[in-house]
Amino acid sequence: MGAANQKSRQAMPEQDPHVRARNFEEVPLGYTPEMAIAEASRCLQCKNPLCVQGCPVGVAIPAFIKHIADGKFDLAIGKIWERNSLPAVCGRVCPQEAQCEGNCILGRKGAAVAIGNLERFAADWERANHACELPSREKATGKKVAVVGSGPSGLTVAGDLILKGHEVTIFEAFHKPGGVLVYGIPEFRLPKEIVASEVSCLQAQGAKIECDVVVGRTETVDELFEQGFDAVYLGVGAGLPRFMNIPGENMVGVLSANEYLTRANLMKAYLFPQVDTPIPHGRNVVVLGAGNVAMDSARTAMRLGAEKVSIVYRRSRDEMPARSAEIHHAEEEGLHFELLSNPVRYLGDEKGRLIGIECVRMELGEPDSSGRRRPVVVPGSEFVIECDLAIVAIGSGANPLLTRSTPDLPLGKSGYIIANPETGKTGKKAVWAGGDIVTGAATVILAMGAGRKAADSIHEYLTWGW
Amino acid sequence: MFRIIKREEMAGGTVVLNEIEAPRIAVKARPGQFVILKANEDGERIPLTMAETDPAKGTITVIYMVVGKSTELFSRLQVGDSYQDVIGPLGQPTHIEGGKNVVCVGGGTGVAVLHPIARGMKEAGCRVTSIIGARNKDLLILEDKMRLASHDLHICTDDGSHGRKGFVTEVLRELLEKGGVDQVVAIGPVPMMKFVSLLTKEFGVPTMVSLNPIMIDGTGMCGGCRVTVGGETKFGCVDGPEFDGHKVDFDELILRLQAYTEQEKLSYHVCKCKGEL
Ligand SMILES: Cc1cc2nc3c(=O)[nH]c(=O)nc-3n(C[C@H](O)[C@H](O)[C@H](O)COP(=O)(O)OP(=O)(O)OC[C@H]3O[C@@H](n4cnc5c(N)ncnc54)[C@H](O)[C@@H]3O)c2cc1C
Ligand SMILES: Cc1cc2nc3c(=O)[nH]c(=O)nc-3n(C[C@H](O)[C@H](O)[C@H](O)COP(=O)(O)OP(=O)(O)OC[C@H]3O[C@@H](n4cnc5c(N)ncnc54)[C@H](O)[C@@H]3O)c2cc1C
Ligand code: SF4
Ligand code: FES
């Protein structure tokens, strides 16, 4: 193995930035089996693998990598499935550099093992070859669980409980299951076909999915109990868009990232007029914020034909919260970064349409409560960015629709549901919650981790009582 | 799937009624609430108010004006066909308080939205005077139902082909001048709601309007339905659709409703060329 360790990290083959910046096909093309084996052979198979400690769901990383190195791809995917039911998704969207790969011992001197790329390889290989059987279900228990929300958190709970023999129905407000995976994250980063395939696996195992049901409106949580559900899991995400509350925000041409991405992804508006939902095409587009949501919006705008797309962010590049791979991809695709800048008002023409944004320059001062240096305004530094489309991607909050109709469910300050971090139990009997609606906007894998813990706790409750 | 069990044309085919099987929604819906419908896989999500619900039969009724591609597609669906998706009930129900002297003003398809509210108010013990209007006699809908839901019904047409010649605001002004009106409810085209609100403000009579901003999800997650009410941003789908007419920024709403005009024309044009419609 000594010689293999010397090898450098296998680069992920990707679409050429100039080409891909104008299409919606996936950017990374995936490893070939040879590349996967070569990359897997770099792993040191550490006795005390730090990578696993960095993984929020504790995937047996060295073990699955070993199987890939040995060319036993079916065993590799089986190993991953023991802890992670959405590897094709996680291999694409997890912030590996801050989790498993960030801990990898090889990263100390050179490049960490490409754990995410290998996870993705194993999952894609399985999807292409259907070499593995669905895991078997325990004997039916006759207990019924309602899962509200079909994002990664809800899908994980449902998957686990189905295997434990319970009857599971997922209720989804939108007309398609998948949560942010289908309405938020764009096709070029996570093909919708992958989400659909994971969802149909779940259905094949017996989970029921009912779309077009808004819990809090169509049914309330208490009505679900009246209908015979024994337990309810709330995985409704953090889908309330935040705006900056600056003058001109309701002008035509100012959209929340949620609206923009939902039109583009869920409604497939990038195919308009072949599909019926329109989407604004900006020539000069400004995206406010610098997280994954901002990168996704900006890169979508590029693909919809913008001439210039600028990311306006009030701190510097080092503080940008997006995954490093996405920032890198965005830079390659020619997005313009207007860092250390903060919008103060929108400018419009006489018809109320957006023509520009007035911003001020910022400097970084002392660290604030988040540990990041606080941006402060440079006096007299006003400047205008001309634009005809602005997308607000500065974060999201807890949507009160469901919680308002469930008055006995204890909430925290900003309207998030209070749940035990170890079990997902809320303050209302037989109700669990997890994912973004408990933690605030976080990550796919953390939402899944919360789902897994809740599933164990729900199983315990259905077996032994609250 | 959400099957259509009754289809009726009104106002010379420019307005269509669909009674749709949606048992869960039928049980829950209250006057003033709406649903979002999607005809097929590639369809747009379109909000429509429920004009009627029948919990026992498990059906809801929508009445819509054919204005663009999506409503045109809807109008092509026949009895036995289905909408792929119907989501609801969405929005806040109308706040109905008994014992008041209420004037209900409806224009165009707004009358369909107004009808269950007028009926609800009458049932709650209000004295209901209604004024309904349309451009001409043929475009007027639900006259008989409105007559039943009101103690008093006034009809106006722009060209005088039925009822009084003129705008609903003229009749309303006379009623306000007579006095004794506790509340006005106005539902119809945005300019109509704007002018009714301006008028009732002169007389200091509280006025409720039902707004129709562009929507996607209808659950408060996209913010596309933002309207300014009393200087604050509200989401039409969850805070509304009904608001205090004296506080609504109607001019902003009119601009926002035109956001996609060019694209909508293109979409309509493309589908006509393809012979889809
Ligand atoms: C554009 C974007 C890009 C992102 N990129 C990344 C990334 O690269 N990596 C990463 O790890 N994370 C990323 N995230 C964050 C990640 O997607 C979320 O943390 C994760 O999806 C949260 O999962 P969840 O199951 O809690 O909720 P969600 O995925 O938000 O799903 C909640 C579901 O519940 C439904 N729902 C809500 N209310 C109701 C109701 N009342 N009744 C019925 N259904 C309801 C919603 O429609 C939705 O489908 C991104 C997020 C966005 C928006
Ligand atoms: C809460 C609510 C209740 C409504 N109730 C009724 C009703 O009972 N009867 C009725 O005839 N109409 C109703 N409308 C209006 C109806 O939704 C629009 O006429 C319809 O969306 C037009 O779609 P289209 O594709 O046929 O026309 P398009 O050519 O797409 O648009 C025509 C006009 O309709 C408006 N519009 C377009 N898309 C949307 C959208 N997604 N949401 C809202 N408005 C849009 C715009 O002003 C546009 O200029 C309601 C709207 C709302 C928000
Ligand atoms: S830390 Fe890196 S080298 Fe060690 S087992 Fe994990 S992936 Fe392999
Ligand atoms: S329609 Fe999306 S928030 Fe109201």
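So which of B:Glu123, B:Glu52, B:Glu72 is away from ligand 4 (no atom under 16 Å from the Cβ), acidic (Asp, Glu), in contact (Cβ under 8 Å) with a residue 60 or more places away in the chain and under 30 Å from B:Leu175 (Cα atoms)?
Values: B:Glu123 fails: in contact (Cβ under 8 Å) with a residue 60 or more places away in the chain; B:Glu72 fails: under 30 Å from B:Leu175 (Cα atoms).
The conditions single out B:Glu52.
Keeping to region A:399-410, report how many residues are under 24 Å from B:Asp217 (Cα atoms) and away from chain B (no Cβ under 14 Å). Reasoning before the result, please.
The first filter runs over region A:399-410 and keeps only residues under 24 Å from B:Asp217 (Cα atoms), leaving A:399-407.
Checking which are away from chain B (no Cβ under 14 Å) leaves us with A:406-407.
Here the count works out to 2.
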Strands (runs of 3 or more DSSP E) within region A:181-258 that include 3 or more residues buried (at least 17 other Cβ atoms within 10 Å of the Cβ) and β-branched (Val, Ile, Thr): none
Residues that are away from ligand 1 (no atom under 16 Å from the Cβ) and either at the interface with another protein chain (Cβ under 7 Å from one of its Cβ atoms) or of a type in the set (Asp, Glu) (or both), drawn from region B:222-238: B:Arg226, B:Thr228, B:Glu232, B:Thr233
Residue in region B:5-56 that is farthest from B:Phe74 (Cα to Cα), counting only those that are within 10 Å of another protein chain (Cβ to nearest Cβ), open to solvent by 20 Å² or more (accessible area, probe 1.4 Å) and aliphatic (A, V, I, L, M): B:Val27
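Within region A:377-385, is there a residue that is of a type in the set (Gly, Ala, Ser), over 30 Å from A:Glu223 (Cα atoms), open to solvent by 80 Å² or more (accessible area, probe 1.4 Å) and without any contact (Cβ under 8 Å) to a residue 40 or more places away in the chain? Outline the logic, then answer.
Initially, region A:377-385 is screened for residues of a type in the set (Gly, Ala, Ser), giving A:380-381.
In the following step, the residues that additionally are over 30 Å from A:Glu223 (Cα atoms) were identified as A:380-381.
If we keep only those that are open to solvent by 80 Å² or more (accessible area, probe 1.4 Å) too, we end up with none.
No.
B:Thr219 - would you say it is within 8 Å of chain A (Cβ to nearest Cβ) and open to solvent by 30 Å² or more (accessible area, probe 1.4 Å)? I'd like the intermediate steps shown before the answer.
Working: within 8 Å of chain A (Cβ to nearest Cβ): yes; open to solvent by 30 Å² or more (accessible area, probe 1.4 Å): no.
So B:Thr219 does not fit the description; no.
Might you let me know whether region A:395-410 holds any residue that is in contact with a Pro (Cβ under 9 Å, 6 or more places away or on another chain), assigned to a loop (DSSP other than H, G, I, E, B), without any contact (Cβ under 8 Å) to a residue 60 or more places away in the chain and more than 24 Å from A:Leu255 (Cβ to Cβ)? First the steps, then the outcome.
Start the filter on region A:395-410 by keeping residues that are in contact with a Pro (Cβ under 9 Å, 6 or more places away or on another chain), which leaves A:395-397.
After this cut, where a residue has to be assigned to a loop (DSSP other than H, G, I, E, B) as well, the list is A:395.
This time we only want the ones that are without any contact (Cβ under 8 Å) to a residue 60 or more places away in the chain, so: none.
Looking through region A:395-410, none of the residues is in contact with a Pro (Cβ under 9 Å, 6 or more places away or on another chain), assigned to a loop (DSSP other than H, G, I, E, B), without any contact (Cβ under 8 Å) to a residue 60 or more places away in the chain and more than 24 Å from A:Leu255 (Cβ to Cβ).
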Residue list for region B:240-249, filter: touching a residue at least 40 places away in the same chain (Cβ under 8 Å) and either within 16 Å of ligand 1 (Cβ to nearest atom) or surrounded by fewer than 19 Cβ atoms within 10 Å (Cβ to Cβ) (or both): B:His246
Selected residue [modelled with pLDDT of 95 or more, touching a strand residue (DSSP E or B) at 6+ places or on another chain (Cβ under 9 Å), aromatic (Phe, Trp, Tyr) and farther than 21 Å from A:Lys351 by Cα] from B:Phe235, B:Phe250: B:Phe235
Criterion violated by B:Thr207 - all others in (1) more than 12 Å from chain A (Cβ to nearest Cβ); (2) under 14 Å from A:Gly352 (Cα atoms) satisfied: (2)
Single condition A:His328 does not satisfy, out of (1) in a helix (DSSP H, G or I); (2) buried (at least 24 other Cβ atoms within 10 Å of the Cβ); (3) of a type outside the set (Phe, Trp, Tyr): (2)
Residue among A:Gly165, A:Gly159 that is touching a Lys or Arg at 6+ places or on another chain (Cβ under 6 Å) and over 26 Å from A:Ala298 (Cα atoms): A:Gly165
Subset of region A:8-59 (residues that are assigned to a loop (DSSP other than H, G, I, E, B) and within 16 Å of ligand 1 (Cβ to nearest atom)): A:Met12, A:Phe24, A:Glu26, A:Val27, A:Cys55, A:Pro56, A:Val57, A:Val59
Selected residue (only one of B:Gly80, B:Gly133 is more than 14 Å from chain A (Cβ to nearest Cβ), of a type in the set (Gly, Ala, Ser) and part of a loop (DSSP other than H, G, I, E, B)): B:Gly80
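Of the residues that sit in region B:44-77 and are in a loop (DSSP other than H, G, I, E, B) and touching a strand residue (DSSP E or B) at 6+ places or on another chain (Cβ under 8 Å), which one is nearest to B:Ile117 (Cα to Cα)?
First pass over region B:44-77, keeping only residues in a loop (DSSP other than H, G, I, E, B): B:44-45, B:55-58, B:66-68, B:77.
Filter again for touching a strand residue (DSSP E or B) at 6+ places or on another chain (Cβ under 8 Å), leaving B:44-45, B:58, B:66, B:77.
Values: B:Glu44: 27, B:Arg45: 24, B:Gly58: 20, B:Val66: 23, B:Leu77: 27 Å.
Filtering region B:44-77 for residues that are in a loop (DSSP other than H, G, I, E, B) and touching a strand residue (DSSP E or B) at 6+ places or on another chain (Cβ under 8 Å), the one nearest to B:Ile117 (Cα to Cα) comes out as B:Gly58.
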Given (1) closer than 27 Å to A:Arg314 by Cα; (2) outside any loop (DSSP other than H, G, I, E, B), index of the condition A:Tyr270 fails: (1)
Tally of residues being open to solvent by 20 Å² or more (accessible area, probe 1.4 Å) and in a helix (DSSP H, G or I) across region A:415-461: 12
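The values are calculated or read from the model by the stated rules, or taken from the named source; none is laboratory data. Source: prediction; values computed, not measured. In this analysis, Cβ positions are derived from the backbone assuming ideal geometry, glycine residues included, and neighbour counts consider all displayed protein chains. With ligands, DNA and RNA removed, areas are computed over all heavy atoms of the protein, side chains included. Shrake-Rupley method; radii C 1.70, N 1.55, O 1.52, S 1.80 Å.
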